[in-house]
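Working notes, beginning with the structure itself.
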Amino acid sequence: MFKKVPSDHKCRMRRKKAHIDARIEQANIDKSVIILLTGNGKGKSSSALGMICRALGYNMQIAVVKFLKGVQDTGEDIFLAQQPSVQTTFMKTGFTWDTQDKEYDTKMALEAWQHAEHYLSNKTIDLVVLDELTYMINYKYLDEQIIINALNNRPSHQHIVITGRAASKALIDCADTVSDIKDIKHAFKANIKAQKGIDF
């Protein structure tokens, strides 16, 4: 009786499984992480929302600070407002190109950051999302070193998600995971309006 020879696919999958199992075995450090989602592509804040949903599944306590888009009504804001485990702070301005007032925007950014600092020192909060924080650094509304210090001195179990385009080197160096989301194609460039439930 002939012995059945494993297919090329099965051999490849066995090697892949062995490699993945070895990597899982090596990943033995249990610590909180900082995740940075940057780049020009769509999906950074949406990805952060996905992690919020995941954390809610484990009954984690979550805080969200939304910079830049604070006065824009979105589907996620409606959803998060219904979650007792989520605290949300909105920067009290719209887009900076709408206000066109650096002094006012800086004041509102500092006000929102004070809430962020409170969350980043609160041991009862498991996950802090700092949405569109990169703009606050790039526009010099907030002091980058103060932000880095707060991230580094947060409670040891607390996870962070930061979103926004053009992340600084200091933020990249501080983060444990960095994803650069590319803009390959976007409906808006074809004059398609932002869609309810998809874009906002």
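The values are calculated or read from the model by the stated rules, or taken from the named source; none is laboratory data. A quick note: this is a predicted structure, and the numbers were derived from the prediction, not measured. For neighbour counting, all protein chains shown are included, and Cβ atoms are generated from backbone atoms with ideal geometry for every residue, glycine included. To get the accessible areas, we keep the full protein, side chains included, count just its heavy atoms, and leave off ligands, DNA and RNA. Shrake-Rupley method; radii C 1.70, N 1.55, O 1.52, S 1.80 Å.
Side notes on the structure shown:
- In nm, spacing of pseudo-spin labels at K140 and D77 (7 Å Cα→C-beta vector): 3.0 nm
- Peptides 123-129, 17-23, ordered by how many other C-beta atoms sit within 10 Å of their residues on average, highest first, read 123-129, 17-23.
- Sulfur and carbon atoms: percent of accessible area, the chain [1.4 Å]: 54 percent
- Mean Cα-pair separation over length for the stretch 65-200, i.e. relative contact order, pairs under 8 Å, 6 or more apart, %: 25 percent
- Linear extension gain, I172 paired with V33, 0.36 nm per residue minus alpha-carbon span: 48.8 nm
- Label assignment, mean projected area of the Cα convex hull in nm² derived from the structure, set (i) 12.2; (ii) 14.4; (iii) 16.1: (iii)
- Probing with 1.4 Å while keeping every protein chain in the model, the per residue accessible area of the stretch 143-200 equals 69 Å².
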